[in-house]
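Here is the structure we will look at.
The values are calculated or read from the model by the stated rules, or taken from the named source; none is laboratory data. Because the structure is a prediction, the values reported are computed rather than measured. In this analysis, Cβ positions are derived from the backbone assuming ideal geometry, glycine residues included, and neighbour counts consider all displayed protein chains. Side chains are part of the model used for accessible areas, which takes the heavy atoms of the whole protein and leaves out ligands, DNA and RNA. Shrake-Rupley method; radii C 1.70, N 1.55, O 1.52, S 1.80 Å.
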Amino acid sequence: MENSQKRTVIESKNGQDIHIRLLSAIDVFTLQNFNDNLSEQTRSQFLPHKYDDRIILKFIERNKKKTDRIYVALVKDVIVGYFFLWEFIKPFPILGIGISDPYQGQGLGKQMIAILIEDAEANGNNGILLTTLLTNEAAFQLYLKMGFKYLGDTDNIAGDGRITRERMMYLPIKEHVAPESHDFKPPVM
């Protein structure tokens, strides 16, 4: 399998090339625009953090320092996907994926997860944690298909500060290593 750090394109089910790269300083406005253009339904399921300049710049800095691994997926200069492993330097980073409405159902989520799994394996992480809303059955089923195990329900602090009840999932990378307890919240608030 190709090294995801060198992969620059993923393909939608309808054959469209989606370019991927690490989040950088040029993405402040386009990432805000990505969030602004999500439907209320999608935003209710994907609000990992606030999208103001201060927060985005902190995530860009964390990505630059390799504390996190954060990607954007683009069509031309428009971000259509945002996916990450927060706390990439820790044994169990936190996975998150958001895809703009017109690109949902195009097989991009599976490819984004595969990239993040490859990165975690190459980085020597023990496993990957994530949470998904109880109502997001499509995401839950995709994560199960990708090898994640359901661990139970947990509270998560969403990007707007509200506490949501979510399914906690875990993908083991190293054998015989279990995730420690974890408080789920954005690393930057």
Of the residues in segment 57-77, those that are open to solvent by 40 Å² or more (accessible area, probe 1.4 Å) and touching a Ser or Thr at 6+ places or on another chain (Cβ under 7 Å) come to Asp77
Give all pairs with beta carbons closer than 7 Å in which a residue from segment 35-55 that is among the aliphatic types (A, V, I, L, M) meets a residue that is loosely packed, with under 12 Cβ neighbours inside 10 Å; count only pairs at least 6 apart in sequence or on separate chains. Leu47/Asp160
Are there any pairs with C-beta distances below 9 angstrom linking a residue in segment 160-174 that is touching a residue at least 24 places away in the same chain (Cβ under 8 Å) and of a type in the set (D, E, K, R) to a residue that is part of a strand (DSSP E or B) and open to solvent by 40 Å² or more (accessible area, probe 1.4 Å), with the two at least 6 apart or on different chains, and if so which? Arg165/Asp153; Arg165/Asp155; Glu166/Asp153; Glu166/Asp155; Arg167/Tyr150; Arg167/Leu151; Arg167/Asp153
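Results for (1) within 21 Å of His182 (Cα to Cα); (2) outside any loop (DSSP other than H, G, I, E, B); (3) out of contact with any Gly (no Cβ under 8 Å at 6 or more places or on another chain), shown as yes or no for each residue.
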| site | (1), (2), (3) |
| --- | --- |
| Gln106 | no, no, yes |
| Ile115 | no, yes, yes |
| Ile128 | yes, yes, yes |
| Ala139 | yes, yes, no |
| Tyr143 | yes, yes, yes |
Could you check Phe184 against (1) on the phi < 0 side of the Ramachandran plot; (2) open to solvent by 20 Å² or more (accessible area, probe 1.4 Å); (3) not basic (Lys, Arg) and say which number it fails? (2)
Selected residue (only one of Ser44, Ser12, Ser24 is small (Gly, Ala, Ser) and more than 30 Å from Leu134 (Cβ to Cβ)): Ser24
Those residues that are hydroxyl-bearing (Ser, Thr, Tyr), open to solvent by 30 Å² or more (accessible area, probe 1.4 Å) and touching a Lys or Arg at 6+ places or on another chain (Cβ under 8 Å), I need them from segment 132-161; list them, please. Tyr150
By residue number, the members of segment 116-158 that are over 25 Å from Ile10 (Cβ atoms) and aliphatic (A, V, I, L, M) are Leu134, Leu151, Ile157, Ala158
